[in-house]
Amino acid sequence: MHEADALDILQRVFGYPAFRGQQAEIIGHVAGGGDALVLMPTGGGKSLCYQIPALLRPGVGVVVSPLIALMQDQVDALRLAGVRAAFLNSSLDFEAVVDTERRLMRGELDLVYVAPERLLTERFIGLLDQLEESGRLALFAIDEAHCVSQWGHDFRPEYIQLSTLHERYPHIPRIALTATADDLTRQEIVSRLGLDTAEIFVSSFDRPNIRYSVVERDNPRRQLLAFLGEHRGEAGIVYCLSRRKVDETAAWLGEHGIAALPYHAGLDAATRQRNQQRFLREDGIVMVATIAFGMGIDKPDVRFVAHLDLPKSLEAYYQETGRAGRDGEPSEAWMTYGLNDVVIHRQMIEDGGSPDEQKRVERQKLDAMLAYCESAQCRRVVLLGYFGEAATPCGNCDVCLDPPQVWDGTIAAQKALSAALRTGQRFGAGHLIDILRGKATEKVKQCGHDGLPTFGVGADFDDMAWRSVFRQLLAAGLLEADAQAYGALKLTEAARPVLKGETRLTLRRHTPRAKGKSARTGAEGRRDSIVAAPADAPCFEALRAWRAEQAREQGVPAYVILHDRTLHELAAQRPQAQEALRQIAGIGQAKAERYGAALLDLLATFDSATA
């Protein structure tokens with residue numbers, strides 16, 4: 001296999017001028033018959049790493065995917081690019097299954113997407129046997145390979161049985177792909193899928209086009225609305241912890257003129273499917289969801305992911321925020337969180353049925369999530385550092401753009417720790433703050449806490465400032481929330497040196513924001529704008545309307561026709577001939593032949609209008 005052949009397919013079929021990162025190396029290795037494990041962030045171009053080798057090798061590439069709802073869109077995109085692709089899953093009736101199987105055996109397919117449950121049936125294994133015997137099995141691609149991990153929330157038992165592929169077809173190359181950065185999961189994939197001799201390709205997990213921002217919770221709905229005000233007409237996801245909160249938030253956003261839909265496991269299957277299809281196929285839909293919505297969301301133009309509640313770990317946060325900006329365009333990951341999040345997550349861990357060792361791991365992961373939120377360091381440095389990747393300050397997160405002030409918080413910490421200690425470590429932050437501020441509430445008086453030496457010693461701080469201190473003491477591991485005692489704050493061993501004055505403590509300074517103003521999340525702080533230049537905007541909107549009409553006619557998502565990035569380039573360059581059209585990224589031969597005349601006609605109207 002010559003690299004020139006792979007590059008020719010990239011340009012002619014998919015319409016991209018050059019490979020990115022390790023793509024060329026991975027494609028060469030798999031096309032040459034080697035096994036590979038590919039760890040690449042969402043939006044890094046994983047699909048091409050098996051699609052192009054499947055086109056280079058004789059026979060059909062078999063893609064194992066757990067994402068039945070999205071196979072149709074993936075196959076539609078390939079067909080529009082001129083690739084002979086199909087899928088086999090439970091959404092097809094018997095007649096359609098038989099027709100696809102016949103095309104497969106007649107050599108009429110380049111790629112077939114299969115759910116793991118179907119691949120492991122005797123019927124499908126029989127088809128694979130025939131393909132191998134006749135030399136028409138190109139490769140196996142195992143997408144979302146982290147589903148093999150029993151420790152992960154995406155675990156699929158069928159994935160463990162995929163080791164059958166190596167045992168039964170040892171000479172057919174396999175490529176396993178995932179966007180999960182966790183080292184434990186990586187080892188599990190290698191072990192369970194028998195990839196011990198596979199070449200491992202690890203890309204940087206940095207997503208430089210995503211801006212990370214964390215704001216302390218004040219009025220979360222109003223904060224969210226202010227954030228969404230900077231993303232009018234854009235697609236995004238808002239994550240909430242509970243189903244009830246999903247429903248209420250979606251309804252509230254709808255009342256404020258935002259096209260928002262709910263998604264969670266409590267909705268019936270038809271409603272979930274309908275809402276997911278609208279999100280994938282329409283422009284500007286905001287999906288309000290629990291983590292039941294997410295894995296494998298293939299929509300490239302998700303411009304933001306917002307969290308109204310704290311994720312349970314940095315792995316979960318990375319996966320969820322990674323659904324933004326798959327097309328490489330500027331996108332945002334925004335989160336609001338507060339002390340109550342810590343209590344809720346602690347409660348969930350302690351009430352869960354996990355073994356003690358697993359609970360210990362979950363508590364450590366939550367601590368790391370807290371430390372990320374309260375860090376005065378660049379968000380990207382902390383996030384990538386957690387996954388073992390060194391990074392320098394990014395200039396594209398809230399900490400870099402608006403560096404927090406730090407101060408010697410030792411005395412404030414001592415006051416807070418003392419208040420917890422003197423009240424028997426049986427109360428939450430709200431009660432302790434009342435004591436520190438000298439508020440003689442009914443509860444404070446009933447408990448006799450208005451007579452404590454710590455009563456009123458923190459009157460110079462307001463509630464929000466003290467909440468910031470308590471959050472940072474939790475994040476630093478000096479306090480822990482006792483889930484069995486309704487979030488009572490208890491001192492850890494690490495608190496003793498601070499309490500005794502043996503250790504100094506540096507804290508982030510709480511800075512009140514103007515009412516109704518969110519963190520630097522809007523156009524003022526964006527590194528780059530997704531919005532077309534003023535002169536190109538009318539042309540871009542006309543292209544977007546044309547694309548929407550094509551998508552409706554063909555029953556596919558708009559991004560399957562052309563990505564936003566391609567529309568922006570068309571609006572900026574306005575090619576006037578087929579040859580120039582083919583130079584636009586994302587327009588391969590098949591799309592140029594199918595849509596070229598219509599696009600050139602549309603672009604010509606703008607050139608004549610501006611002439």
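The values are calculated or read from the model by the stated rules, or taken from the named source; none is laboratory data. Note that the structure is a prediction, hence the values are computed from the model and not measured. In this analysis, Cβ positions are derived from the backbone assuming ideal geometry, glycine residues included, and neighbour counts consider all displayed protein chains.
Just to be sure before I move on: is Ala545 aliphatic (A, V, I, L, M), modelled with pLDDT of 90 or more, within 17 Å of Gly233 (Cβ to Cβ) and in a helix (DSSP H, G or I) in the structure I sent?
So Ala545 passes the test.
Could you say which residue among Arg323, Arg281 is of a type in the set (Lys, Arg), in the same structural domain as Gly395 (by TED's automatic domain parsing) and buried (at least 21 other Cβ atoms within 10 Å of the Cβ)? Answer to the selection: Arg323.
Checked across segment 91-113, the condition of being more than 30 Å from Arg360 (Cβ to Cβ), surrounded by fewer than 13 Cβ atoms within 10 Å (Cβ to Cβ), outside the structural domain of Gly353 (by TED's automatic domain parsing) and hydroxyl-bearing (Ser, Thr, Tyr) holds for no residue.
Going residue by residue through segment 170-193, is there one that turns out to be touching a Gly at 6+ places or on another chain (Cβ under 9 Å) and at positive phi? No: zero hits. Taken together, the residues in segment 102-121 that are acidic (Asp, Glu), outside any loop (DSSP other than H, G, I, E, B) and at pLDDT 95 or above amount to 0. Criterion applied to Gly501, Gly555 was being over 30 Å from Ala419 (Cβ atoms) and either modelled with pLDDT under 85 or surrounded by fewer than 20 Cβ atoms within 10 Å (Cβ to Cβ) (or both), and the one residue passing it is Gly555. Please note which helices (runs of 4 or more DSSP H) are completely contained in segment 384-478 and include at least 3 residues that are among the small types (Gly, Ala, Ser). Here the list reads 410-422, 463-475. Just one of the listed residues (Ala259, Ala235) is more than 22 Å from Arg471 (Cβ to Cβ) and either touching a strand residue (DSSP E or B) at 6+ places or on another chain (Cβ under 6 Å) or surrounded by 21 or more Cβ atoms within 10 Å (Cβ to Cβ) (or both), namely Ala235.
For segment 25-43, the set of residues classified as assigned to a strand (DSSP E or B), within 18 Å of Gly61 (Cβ to Cβ) and of a type outside the set (Gly, Ala, Ser) consists of Leu37, Val38, listed by residue number. Filtered by the rule that a residue be crowded, with 21+ Cβ neighbours inside 10 Å, within 26 Å of Pro53 (Cα to Cα) and aliphatic (A, V, I, L, M), segment 173-221 gives Ile175, Ala176, Leu177, Ala179, Ala181, Ile189, Leu193, Leu195, Ala198.
Quick check: anything in segment 279-300 over 30 Å from Asn396 (Cβ atoms), in contact with a helix residue (DSSP H, G or I) (Cβ under 7 Å, 6 or more places away or on another chain) and in contact (Cβ under 8 Å) with a residue 40 or more places away in the chain? So far as segment 279-300 goes, yes, one or more of its residues are over 30 Å from Asn396 (Cβ atoms), in contact with a helix residue (DSSP H, G or I) (Cβ under 7 Å, 6 or more places away or on another chain) and in contact (Cβ under 8 Å) with a residue 40 or more places away in the chain.
Kindly indicate whether Val215 is closer than 28 Å to Ala391 by Cβ and either in a helix (DSSP H, G or I) or assigned by TED's automatic domain parsing to the domain that holds Ala31 (or both).
Values: closer than 28 Å to Ala391 by Cβ: yes; either in a helix (DSSP H, G or I) or assigned by TED's automatic domain parsing to the domain that holds Ala31 (or both): no.
So Val215 fails the test.
Given the structure, is Pro311 at pLDDT 85 or above, in a loop (DSSP other than H, G, I, E, B) and more than 25 Å from Arg221 (Cβ to Cβ)? When the stated conditions are applied, Pro311 does not pass them.
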